[in-house]
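The block underneath contains the structure these notes are about, expressed in structure tokens.
The values are calculated or read from the model by the stated rules, or taken from the named source; none is laboratory data. As the structure is a prediction and not an experimental result, all values here were calculated from the model. Neighbour counts are summed over all protein chains in view; Cβ atoms, including those assigned to glycine, are modelled from backbone coordinates with ideal geometry.
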Ligand code: SF4
Ligand code: SF4
């Protein structure tokens, strides 16, 4: 979209963040999760970051560790009211929640988190348009920060993305000497830059600007090369294997390694399931609320009768893999995963999704070579 890139110097970024705070425009960015992280010499474990609204540059943790939760929380909060109700006379009045959200901007989103947004848009506008999700999406401008690749758990390039993917971003920052090269990809991104033009500077004319452009491309190319070594799968044969191996003994090897805690879904930028509960607040009034939920817990599919169609953790973990890599791609044309690796890093029992996908892909390659197929209909069962 941008005809030519701009520069956001470190000072320009500081000014921008302060201006946004002064104007009351929430600026969400990767920030230090605590004081310990930003201290010089802090251990890697202490250098935790999180996405939150910032008001000054000292809070920013650009280029540091992946924030522990994704951006999902700003579009689908862990808990939110769908409507309130109160008894009026002989009837009930339903009061919808406000959907006129104020404009906000995300500065420095990981590309794998930004890319999750248009992927989840599809289910949020499938047979019902989710007004709360859509209104927050409309109110938010997202600038991603080209990623230097976190660690061996990252595999964005194995799911049709890359460390500087533009998908889901209105603009992108790429680290260069003195700050960030800025590109815009949408009208929203253009409008944001135009509204805050004094924080951005033109690239130096001539060789100076070319050097910065080369630096930016070199940063992106190094990251691409690094992540490509983590995982590569053939999605066609992977889907085929999943579709024909619903009852494969492979799943029995994974279930016992999963304790059903659901952390993987909470940290995941694309997991979007929620439970709906009615909460009385006082006599004659209450709210209907939705809360993040996950197919990994034993109660997720438990029927009131006591029957549970996903009777053990083998079935629940299979559901996680099949929904992301078989059902969602068949239904919406997108893999329900951006390869951020959070689920593997956060799992208390060491389930490693990249390893699991590599294992399935290797089995699929053998089957494809042998021309073998097993049972039928996994896509239908996993969709239920
Ligand atoms: S985080 Fe690990 S143990 Fe917990 S539900 Fe997910 S895979 Fe299972
Ligand atoms: S499934 Fe794991 S790697 Fe994929 S987007 Fe979710 S948390 Fe990231």
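Given the criteria away from ligand 1 (no atom under 16 Å from the Cβ), at negative phi and in contact with a strand residue (DSSP E or B) (Cβ under 9 Å, 6 or more places away or on another chain), does residue 233 qualify?
no
Can you tell me which residue is nearest to residue 294 (Cα to Cα) among those in segment 334-356 that are more than 10 Å from ligand 1 (Cβ to nearest atom) and more than 16 Å from the chain's Cα centre (by Cα)?
So, considering only residues that are more than 10 Å from ligand 1 (Cβ to nearest atom) and more than 16 Å from the chain's Cα centre (by Cα), the one nearest to residue 294 (Cα to Cα) is 354.
Name the residue that is nearest to residue 26 (Cα to Cα), counting only residues in segment 99-127 that are loosely packed, with under 12 Cβ neighbours inside 10 Å and at pLDDT 95 or above. First the steps, then the outcome.
Within segment 99-127, the first condition is being loosely packed, with under 12 Cβ neighbours inside 10 Å, and the residues that meet it are 100, 102, 126-127.
Now restrict to residues that are at pLDDT 95 or above: 100, 102, 126.
Values: 100: 15, 102: 9, 126: 29 Å.
So, considering only residues that are loosely packed, with under 12 Cβ neighbours inside 10 Å and at pLDDT 95 or above, the one nearest to residue 26 (Cα to Cα) is 102.
Residue under question is residue 325, and the condition is that it be under 28 Å from residue 162 (Cα atoms) and either within 16 Å of ligand 1 (Cβ to nearest atom) or in contact with a strand residue (DSSP E or B) (Cβ under 9 Å, 6 or more places away or on another chain) (or both); does it hold? Steps first, answer last, please.
On the way: under 28 Å from residue 162 (Cα atoms): yes; either within 16 Å of ligand 1 (Cβ to nearest atom) or in contact with a strand residue (DSSP E or B) (Cβ under 9 Å, 6 or more places away or on another chain) (or both): yes.
Judged against the criteria, residue 325 is a match.
Being part of a helix (DSSP H, G or I) and either touching a helix residue (DSSP H, G or I) at 6+ places or on another chain (Cβ under 7 Å) or modelled with pLDDT under 95 (or both) narrows it down to one residue among 137, 220, 167; which is it? Break it down stepwise before answering.
On the way: 220 fails: either touching a helix residue (DSSP H, G or I) at 6+ places or on another chain (Cβ under 7 Å) or modelled with pLDDT under 95 (or both); 167 fails: part of a helix (DSSP H, G or I).
Residue meeting the stated conditions: 137.
Between 286, 255, which is modelled with pLDDT under 95 and surrounded by fewer than 19 Cβ atoms within 10 Å (Cβ to Cβ)? Talk me through it step by step, then tell me what you get.
On the way: 286 fails: modelled with pLDDT under 95.
Result: 255 is the single residue among 286, 255 that is modelled with pLDDT under 95 and surrounded by fewer than 19 Cβ atoms within 10 Å (Cβ to Cβ).
Cβ-Cβ distance below 6 Å, separation of 6 or more or different chains: which pairs start in segment 172-193 with a residue that is assigned by TED's automatic domain parsing to the domain that holds residue 220 and assigned to a loop (DSSP other than H, G, I, E, B) and end on one that is at pLDDT 95 or above and surrounded by fewer than 19 Cβ atoms within 10 Å (Cβ to Cβ)?
The qualifying pairs are 178/9.
From 40, 29, 46, 5, which residue is modelled with pLDDT under 95 and crowded, with 20+ Cβ neighbours inside 10 Å?
5
Just a yes or no: is a residue in segment 269-279 part of a loop (DSSP other than H, G, I, E, B), out of contact with any helix residue (DSSP H, G or I) (no Cβ under 8 Å at 6 or more places or on another chain), in the same structural domain as residue 315 (by TED's automatic domain parsing) and more than 16 Å from ligand 1 (Cβ to nearest atom)? Give the derivation first.
First, the residues of segment 269-279 that are part of a loop (DSSP other than H, G, I, E, B): 269-273.
With out of contact with any helix residue (DSSP H, G or I) (no Cβ under 8 Å at 6 or more places or on another chain) added as a condition, the list becomes none.
Checked segment 269-279: no residue is part of a loop (DSSP other than H, G, I, E, B), out of contact with any helix residue (DSSP H, G or I) (no Cβ under 8 Å at 6 or more places or on another chain), in the same structural domain as residue 315 (by TED's automatic domain parsing) and more than 16 Å from ligand 1 (Cβ to nearest atom).
For segment 350-373, state whether one or more residues are away from ligand 2 (no atom under 12 Å from the Cβ), in contact with a helix residue (DSSP H, G or I) (Cβ under 9 Å, 6 or more places away or on another chain), part of a loop (DSSP other than H, G, I, E, B) and modelled with pLDDT under 95.
There is at least one residue in segment 350-373 that is away from ligand 2 (no atom under 12 Å from the Cβ), in contact with a helix residue (DSSP H, G or I) (Cβ under 9 Å, 6 or more places away or on another chain), part of a loop (DSSP other than H, G, I, E, B) and modelled with pLDDT under 95.
Find all pairs meeting these conditions: Cβ atoms under 6 angstrom apart; at least six residues apart or on different chains; first residue within segment 205-234 and over 25 Å from residue 178 (Cα atoms); second residue in a loop (DSSP other than H, G, I, E, B).
Once the first residue is over 25 Å from residue 178 (Cα atoms) and sits in segment 205-234, its partners that are in a loop (DSSP other than H, G, I, E, B) give 227/149; 227/154; 227/163; 230/152; 230/154; 230/155; 231/155.
State whether one or more residues within segment 68-81 are at pLDDT below 95, surrounded by fewer than 23 Cβ atoms within 10 Å (Cβ to Cβ) and closer than 21 Å to residue 29 by Cα. Even if it seems obvious, please write down each step before you answer.
Just the residues of segment 68-81 that are at pLDDT below 95, to begin with: 68.
The next check asks that each one be surrounded by fewer than 23 Cβ atoms within 10 Å (Cβ to Cβ); those that pass are 68.
Those still in the list that are closer than 21 Å to residue 29 by Cα too: 68.
Yes; the residues of segment 68-81 include at least one that is at pLDDT below 95, surrounded by fewer than 23 Cβ atoms within 10 Å (Cβ to Cβ) and closer than 21 Å to residue 29 by Cα.
Considering only segment 21-120, give the strands (runs of 3 or more DSSP E) lying wholly within it that have at least 3 residues that are touching a helix residue (DSSP H, G or I) at 6+ places or on another chain (Cβ under 9 Å). Reasoning before the result, please.
Values: elements: 27-32, 49-53, 79-88, 91-95, 104-109.
Once the strands (runs of 3 or more DSSP E) in segment 21-120 are filtered for at least 3 residues that are touching a helix residue (DSSP H, G or I) at 6+ places or on another chain (Cβ under 9 Å), what remains is 27-32, 49-53, 104-109.
Give the residues of segment 280-313 that are in a loop (DSSP other than H, G, I, E, B) and either in contact (Cβ under 8 Å) with a residue 60 or more places away in the chain or at positive phi (or both), sorted by residue number.
To start, the set of residues in segment 280-313 that are in a loop (DSSP other than H, G, I, E, B) comprises 283-284, 293-312.
Matches in segment 280-313: 284, 306, 309.
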